[in-house]
Amino acid sequence: MKQKIKEEIYRWIFGILAFSSLLFLVGITITLITQGIPLFREISLWSFLSGRDWYPTYEPPDFGALPLIAASAFVTLGALLVCVPLGIGSALYMNEIAGHRQKSFLKPLIEILAGIPSVIYGFFGMVVVAPFIQKLFNLPTGLTALTGSLVLGIMATPTVASLAEDALSFVPNSFREASLAVGANRWQTLVKVIIPSAGSGISTAVILGISRAIGETMTVLMVTGGSAVIPKSFLQPVRPMTSTIAAEMGETVFGGLHYNSLFAIGLVLFFSTLFFNILAEFISSRYRLKLGMGR
Amino acid sequence: MNRAKISQKIGFFIIFLCVVTTLLFLGIILYFIISRGMGAISWEFLTRPPTGGMTGGGVAPAIVGTFYLTLGAIIFALPLGLACAIYLTEYTPKNIVLNILRISINNLAGVPSVVFGLFGLAVFVKFFGFGISILSGSLTLGILILPGIISASQEALTAIPQSFREASLALGATKWQTIRKIVLPTSLPGILTGVILSIGRAAGETAPILFTAAVFYLKGYPDSVLSEVMALPYHIYGLMTEGTFPEEQTKIAYGCALILLFMVLSISAVAIYFRQKQRRIHYG
């Protein structure tokens with residue numbers, strides 16, 4: 001009997017501790033909402049999201065987050081132009097072209113790229129990429145949206161590559177063999193059979209790459225220059241949401257409107273990455289059903 | 001050559017170019033950090049505090065600080081993550097519970113690092129009153145690495161053949177005895193791999209400690225879990241954005257970047273070694 005009670009206690013302990021991640025996720029949501037809400041007593045949600053002026057320290061202050069949201073979208077889009085071809089190309093190479101030997105050498109290299117801390121990417125962007133961009137386009141500063149996109153793109157490449165590689169490895173070998181057997185060559189098989197059947201897995205990889213790029217902080221903080229204007233060109237400095245929070249939190253007064261406004265930006269950031277993560281989850285669960293793998 | 005053959009040649013060449021470009025970037029990053037960082041590294045650099053307004057001396061307090069923060073994060077996240085993984089794999093909860101937990105773990109993994117920083121600031125620094133401290137920073141980093149520890153441990157636990165568990169239960173052992181004496185020891189290498197990878201992640205993260213733990217300069221070393229702390233990644237950021245001697249500071253930043261890179265990469269090399277060893281055990 002004593003044994004049985006002990007077993008029950010253990011089950012309960014593990015059960016309760018298991019909910020910690022849910023607790024933290026809910027805790028983060030509640031924190032962002034309660035700390036961000038006081039801002040919306042002063043200005044409406046709409047004027048926060050669509051306002052074109054971000055001057056939080058002026059008197060009276062302006063809390064228009066559109067330049068920051070637009071900058072995040074801009075830099076993320078630029079990063080996608082880098083990480084989607086490089087990531088998917090690397091995945092295709094590893095899975096379809098490289099032999100076993102080459103693959104076992106390439107995979108760890110991509111993992112190294114994924115393991116480099118973001119502050120090192122930011123540092124690299126500041127000391128190597130920014131001066132290069134500045135000279136190349138003859139600009140007053142090399143800290144631009146383009147620099148941010150480029151560095152962020154390199155950084156997101158391994159994420160896209162390893163997720164896309166997973167998706168490709170799920171394609172049953174019989175698909176490949178059937179296509180080759182009816183006389184298609186390897187390239188035709190790749191384009192007409194493998195890529196379409198791994199399609200939703202690959203799009204999941206891209207979506208998670210987007211989510212990673214939107215939320216990345218140190219890299220954009222260090223290399224995008226930080227001026228809060230709506231971006232018109234890739235060659236101008238911008239200030240995405242993440243770097244606004246990181247750069248301005250130090251100058252705020254605890255509980256002041258500026259402090260609240262940074263949590264409100266955090267809320268926008270949180271919900272945009274949440275949206276992309278749920279979208280990715282949805283697509284990948286559909287995809288598994290399609291390939292008959294169950295959940 | 002017919003058209004199909006030509007298009008295959010071109011297509012494969014483009015794919016090949018993608019891989020080469022990716023590796024080229026990796027090469028360039030490693031080349032710059034290693035070649036320029038080597039010049040800054042010396043015994044003094046590793047063991048002394050900074051001097052002369054961040055233009056000389058070493059970065060020892062930042063290395064020590066990163067060690068404390070990472071250790072704290074693991075102490076917090078490992079028991080929680082392991083318990084969660086054990087519950088999910090060994091106690092097989094109902095489908096609905098399983099789905100809720102899976103979704104929350106996945107989404108917690110996707111939360112941007114700076115948002116963890118905001119949470120840490122509002123909850124640990126302000127609400128619990130821990131202030132800007134090792135404790136606040138470790139807890140924040142711990143939550144950040146929690147999903148990684150859960151998935152790695154879960155993977156290690158599911159890799160244990162079901163027959164191991166059945167054999168133990170058949171001998172009359174209880175569930176908890178089976179977990180403690182059979183499941184955990186057998187899955188230890190896999191769990192360790194996950195833990196080591198999380199150490200690498202925690203050591204390199206900057207955004208979560210920006211508002212919760214790190215300062216650019218600290219006199220001496222931290223003396224309690226409630227003191228502020230210098231940290232290697234934050235130090236790189238500080239050297240590049242604060243201070244008045246950009247040229248000297250950039251040199252030191254190169255040194256810091258090399259140390260951080262070396263730490264993080266050697267940690268993941270150890271993890272990869274563990275993983276290989278574990279595969280040999282399972283698959284002969």
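The values are calculated or read from the model by the stated rules, or taken from the named source; none is laboratory data. What you are looking at is a predicted structure, and each value in this text was computed from that prediction instead of being measured. Cβ: placed from backbone, ideal geometry, glycine included. Neighbour counts: every protein chain shown.
Residue check: B:Phe116 meets all listed conditions (1) more than 10 Å from chain A (Cβ to nearest Cβ); (2) modelled with pLDDT of 95 or more but one, namely (1).
Between A:Ala198, A:Ala213, the distinction of being buried (at least 21 other Cβ atoms within 10 Å of the Cβ) and either free of Cβ contacts under 8 Å to residues at least 40 places away in the same chain or not hydrophobic (A, V, I, L, M, F, W, C) (or both) belongs to A:Ala198 only. Only one residue in B:Pro222, B:Pro185 is farther than 21 Å from A:Gly125 by Cβ and touching a strand residue (DSSP E or B) at 6+ places or on another chain (Cβ under 7 Å), so which one is that? Residue meeting the stated conditions: B:Pro222. Only one of the listed residues (A:Ile28, A:Ile43, A:Ile13) is surrounded by 12 or more Cβ atoms within 10 Å (Cβ to Cβ) and in contact with a helix residue (DSSP H, G or I) (Cβ under 6 Å, 6 or more places away or on another chain). That residue is A:Ile28. Just give me the residues in region A:202-228 being modelled with pLDDT under 90 and in contact with an Asp or Glu (Cβ under 9 Å, 6 or more places away or on another chain), in sequence order. Residue satisfying the conditions is A:Ala228 alone.
Among the numbered conditions (1) farther than 30 Å from A:Ser261 by Cβ; (2) of a type in the set (A, V, I, L, M); (3) more than 10 Å from every other protein chain (Cβ to nearest Cβ), tell me where B:Ile86 comes up short. It is condition (3) that B:Ile86 fails.
Go through the residues of region A:253-273 one by one and say whether even a single one is part of a helix (DSSP H, G or I), free of Cβ contacts under 8 Å to residues at least 24 places away in the same chain and assigned by TED's automatic domain parsing to the domain that holds A:Leu163. For region A:253-273, residues part of a helix (DSSP H, G or I), free of Cβ contacts under 8 Å to residues at least 24 places away in the same chain and assigned by TED's automatic domain parsing to the domain that holds A:Leu163: present.
For region A:224-247, enumerate the residues that are of a type in the set (Val, Ile, Thr) and surrounded by fewer than 24 Cβ atoms within 10 Å (Cβ to Cβ). Before the answer, list the steps.
Step one: filter region A:224-247 for residues of a type in the set (Val, Ile, Thr), giving A:224, A:229-230, A:238, A:242, A:244-245.
Answer for region A:224-247, where residues must be of a type in the set (Val, Ile, Thr) and surrounded by fewer than 24 Cβ atoms within 10 Å (Cβ to Cβ): A:Val229, A:Ile230.
Of the residues making up region B:2-9, not a single one is at the interface with chain A (Cβ under 10 Å from one of its Cβ atoms), part of a helix (DSSP H, G or I), over 25 Å from B:Asp223 (Cβ atoms) and within 24 Å of the chain's Cα centre (by Cα). Is there a residue in region B:98-108 that is under 21 Å from the mean Cα position of the chain (by Cα), aliphatic (A, V, I, L, M) and in a helix (DSSP H, G or I)? Yes, the conditions are met somewhere in region B:98-108. B:Tyr234 satisfies every condition listed in (1) free of Cβ contacts under 8 Å to residues at least 40 places away in the same chain; (2) closer than 23 Å to B:Ser268 by Cα except (1).
Among the conditions (1) over 28 Å from B:Val111 (Cβ atoms); (2) basic (Lys, Arg); (3) crowded, with 24+ Cβ neighbours inside 10 Å, the only one that A:Arg186 does not satisfy is (3). Just checking, does region B:24-32 include any residue being in a helix (DSSP H, G or I), modelled with pLDDT under 95, closer than 30 Å to B:Val195 by Cα and more than 14 Å from chain A (Cβ to nearest Cβ)? Taking every residue of region B:24-32 in turn, none turns out to be in a helix (DSSP H, G or I), modelled with pLDDT under 95, closer than 30 Å to B:Val195 by Cα and more than 14 Å from chain A (Cβ to nearest Cβ). Of everything in region A:163-183 that is surrounded by fewer than 20 Cβ atoms within 10 Å (Cβ to Cβ), within 26 Å of the chain's Cα centre (by Cα) and assigned to a helix (DSSP H, G or I), the residue that is farthest from the other protein chains (Cβ to nearest Cβ) is A:Ser169. When the residues of region B:215-248 are narrowed to those that are away from chain A (no Cβ under 11 Å) and not in a loop (DSSP other than H, G, I, E, B), which ends up surrounded by the fewest Cβ atoms within 10 Å (Cβ to Cβ)? Checking each candidate, the answer is B:Glu247.
The conditions of being within 14 Å of the chain's Cα centre (by Cα), surrounded by 24 or more Cβ atoms within 10 Å (Cβ to Cβ) and either basic (Lys, Arg) or modelled with pLDDT of 95 or more (or both) are not met by B:Ile134. Residue-level check: of (1) away from chain B (no Cβ under 11 Å); (2) part of a helix (DSSP H, G or I), A:Val160 misses just (1). Residues in region A:228-252 that are in a loop (DSSP other than H, G, I, E, B) and either within 13 Å of chain B (Cβ to nearest Cβ) or in contact with a strand residue (DSSP E or B) (Cβ under 6 Å, 6 or more places away or on another chain) (or both) were compared, and the one that is nearest to A:Asp62 (Cα to Cα) is A:Ala228. Of all the criteria given as (1) within 13 Å of chain A (Cβ to nearest Cβ); (2) part of a helix (DSSP H, G or I); (3) modelled with pLDDT under 95, the one not satisfied by B:Pro61 is (1). Would it be correct to say that B:Asn99 is surrounded by fewer than 24 Cβ atoms within 10 Å (Cβ to Cβ), more than 8 Å from chain A (Cβ to nearest Cβ), farther than 23 Å from A:Ala247 by Cβ and at pLDDT below 95? Yes: the conditions hold for B:Asn99.
Residues in region B:236-260 that are among the small types (Gly, Ala, Ser) and modelled with pLDDT under 90: B:Gly243 alone.
Filter region A:192-227 down to the residues that are over 21 Å from A:Phe271 (Cα atoms) and in a loop (DSSP other than H, G, I, E, B) and list them by number. Those that are over 21 Å from A:Phe271 (Cα atoms) and in a loop (DSSP other than H, G, I, E, B): A:Ala198, A:Thr224, A:Gly226, A:Ser227.
Regarding region B:94-101, can at least one residue be identified that is among the polar types (S, T, N, Q) and touching a Cys at 6+ places or on another chain (Cβ under 9 Å)? Among the residues of region B:94-101, not one is among the polar types (S, T, N, Q) and touching a Cys at 6+ places or on another chain (Cβ under 9 Å), which makes the answer no. Give me the residue from region B:41-58 that is of a type in the set (A, V, I, L, M) and within 25 Å of the chain's Cα centre (by Cα) and, out of that set, surrounded by the most Cβ atoms within 10 Å (Cβ to Cβ). Among those residues, the one meeting the criterion is B:Ile41. Applying a threshold of 8 Å to beta carbon distances and a minimum spacing of six or more residues, or different chains, the list of pairs starting in region B:258-269 at a residue that is more than 7 Å from every other protein chain (Cβ to nearest Cβ) and ending at one that is outside any helix (DSSP H, G or I) reads B:Leu258/B:Ala40; B:Leu258/B:Ile41; B:Ile259/B:Ile41; B:Ile259/B:Val59. None of A:Leu92, A:Leu66, A:Leu143, A:Leu113 is surrounded by fewer than 19 Cβ atoms within 10 Å (Cβ to Cβ), touching a residue at least 24 places away in the same chain (Cβ under 8 Å) and within 22 Å of the chain's Cα centre (by Cα) except A:Leu66.
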